[in-house]
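Visitor: The following block contains the structure, expressed as structure tokens.
Quick note: the coordinates plus some simple rules give every number you see, no bench work behind them. Values in this document were obtained by computation on a predicted structure and should not be read as measured data. Cβ: placed from backbone, ideal geometry, glycine included. Neighbour counts: every protein chain shown.
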Amino acid sequence: MNRFLLLFSAGARRAWLAGLLVLLLSPGLALAHPHGWIDIRVRLIVDEDGQLEALHQSWRMDPFYSLVLLEELSRTEGGLEAGLDRLGGEIRGNLAPFDFFTEVRVGDDQLGFGDVTEYTVMERGGRVEFIFLLPLAESRALGEQTLQYQVFDPTYYLEVVHEAEGDTPPEEALTISGELSCSTRIVPADPDPELVMEAAMLDVNDEAEPGLGRHFAETGVVTCE
């Protein structure tokens, strides 16, 4: 089963599949990957000594999926608020084995992560938003080398991009806590045309080779003095 459906409960998956069926029965709609998307914001949590401790991330599900998900959760025991609370635990548990789709490098070193214990799910602007704190396994000093991160579904069933106004992510899409003087930028993906064609040929029943999503991932770049 693709990563997108693994994020959620059985009831939520049924709601998504029902909505997807509507798309499949509508003429003229593309079946190519990706089949949904998430808009993200990232804040680097840095302590007073300039040590990176965690990445605070906010993920907003696409409007279509949010609609069917909110309708499904509103009919569950306890109503929408209770359903969102349960959903947070399910998303957290299902994403943990995949490192929350996140890769972080400082220089040539790939950083590891600790357990996610702080998270919540809420509705914002008609969309479902998953907010969580992804701690590093060990803190890492910033200022000596450039930090780069990517957040992506390896199979590219789900596209993950920074929140943007038009084609340009605002400053709020990538921020840093603390007193360090840092520059930030978000580098758009530049996939090979052959990979674009490969993704376009995948329909809803196809499973992409793991790693395809990396080529379509934006890169957050942070350089501190």
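Visitor: Put a dot 7 Å past each Cα toward the Cβ at Ala96 and Ala137; how far apart are the dots in nm?
Guide: Rounded to a tenth, the inter-label distance reads 1.6 nm.
Visitor: Could I ask something else about it? Calculate one ³J(HN,Hα) per residue across the range 48-64 by plugging θ = phi - 60° into the Karplus curve 6.51 cos²θ - 1.76 cosθ + 1.60, and present them in order as whole Hz with x for glycine and proline.
Guide: 5, 8, x, 9, 6, 10, 6, 10, 8, 10, 10, 10, 10, 5, 5, x, 5
Visitor: Sticking with this one: Return the long-range amide H neighbours of Thr175 (sequence gap of 5 or more, or a different chain), with a cut-off of under 5 Å between placed amide H atoms.
Guide: Long-range HN contacts for Thr175: Val42, Arg43, Leu44.
Visitor: So, in nm, how far is label Asp85 from label Arg105 when the simple model puts each one 7 Å beyond its Cα toward the Cβ?
Guide: Inter-label distance under the simple model: 4.2 nm.
Visitor: Checking a compactness column here: for the range 67-225, what do you get for Rg(Cα) / (2.2 N^0.38 Å), N being the number of residues? Please list the in-between numbers first.
Guide: Numbers: Rg = 17.7 Å, N = 159, 2.2 N^0.38 = 15.1 Å.
That ratio works out to 1.17.
Visitor: Turning to a different aspect of this structure: 5 Å is the cut-off here: which amide hydrogens, built 1.01 Å from N in the peptide plane, fall below it relative to Trp37, excluding neighbours closer than 5 in sequence?
Guide: So Trp37 has HN proximity to Asp62, Glu159.
Visitor: Turning to a different aspect of this structure: Report the full-extension gain for the segment Thr117 to Val187: residue separation times 0.36 nm, less the Cα-Cα distance, to one decimal in nm. Working shown, then result.
Guide: Numbers: separation 70, 0.36 × 70 = 25.20 nm, distance 2.96 nm.
The span from Thr117 to Val187 would gain 22.2 nm if fully extended.
Visitor: Rank these for me by crowding, Trp59, Trp37, going from fewest to most other beta carbons within 10 Å. Intermediate values should be presented prior to the final figure.
Guide: Values: Trp59 23, Trp37 18.
Ordered from fewest to most neighbouring Cβ atoms within 10 Å, Trp59, Trp37 come out as Trp37, Trp59.
Visitor: May I pose another question? For the range 185-198, take each phi angle, set θ = phi - 60°, evaluate the Karplus expression 6.51 cos²θ - 1.76 cosθ + 1.60, and give the result in whole Hz per residue in order, putting x for glycine and proline.
Guide: Working through the residues one at a time gives 7, 10, 8, x, 5, 9, x, 4, x, 5, 6, 4, 5, 4 Hz.
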